[in-house]
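Only the coordinates and a few stated rules stand behind these numbers; no lab work does. The structure presented is a predicted model; accordingly, all values stated were derived computationally and were not measured. Here Cβ is always computed from backbone atoms with ideal geometry, including for glycine, and neighbour counts include all displayed protein chains.
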Amino acid sequence: MAGARRQHLRTLRPPLEVAYLAPVAVVLIGAALTAHTSIAPAVSLICAGGLALSWLSGATLVEARRLQRSSRLRTALHLAAGALAALALAYLAVTGTGLLDLLIATVRLGPEL
């Protein structure tokens, strides 16, 4: 019972990817809050979602390695699913926070100087 509990707690520990990404996300959110406040909600959403995705991805890979279920096909599918999830997250952040119009105007007219 105690061994299973320790194993469960070990799987909740954040993988190395999260430890690397967390300070970068804090800097990006801080820059968005100070530079252009209209993009801050989208940047925050993308950073928080990216942390969650990297945690899930890293934990899945660690568990697959522990169970010796790693293969090239599984790795390729994992990579494709992660990329699709990241694109979906970016789409939801841009459309959900109302930045689509700003993005289209920037592409058409160029950045403000």
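At-a-glance table
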| item | result |
| --- | --- |
| Cα-Cα pairs of the chain separated by more than 20 Å (percent) | 55 |
| Computed label-point distance, nm, for sites Leu109 and Thr60 using a 7 Å Cα→Cβ extension | 4.1 |
| Magnitude of the charge dipole, segment 15-109, Cβ model with Lys/Arg +1 and Asp/Glu -1, debye to 20 | 420 |
| Added length on full extension, which subtracts the Cα-Cα distance from 0.36 nm per residue, Leu92 to Thr34 | 18.6 nm |
| Fewest-first ranking of Ile104, Ile39, using other Cβ atoms within 10 Å as the exposure measure | Ile104, Ile39 |
| GNM flexibility winner over the chain from Val94, Val24, Val43 (Cα, springs under 10 Å) | Val24 |
| Ranking of Thr60, Thr95 by count of other Cβ atoms within 10 Å, fewest first | Thr95, Thr60 |
| Dipole of the chain [Lys/Arg +1, Asp/Glu -1 at C-beta], most positive-end residue of Pro15, Leu100, Pro41 | Pro15 |
| DSSP H segments from the chain that extend 30 Å or more along their own axis, Cα-based, with Kyte-Doolittle mean of -0.5 or above | 40-66, 72-96 |
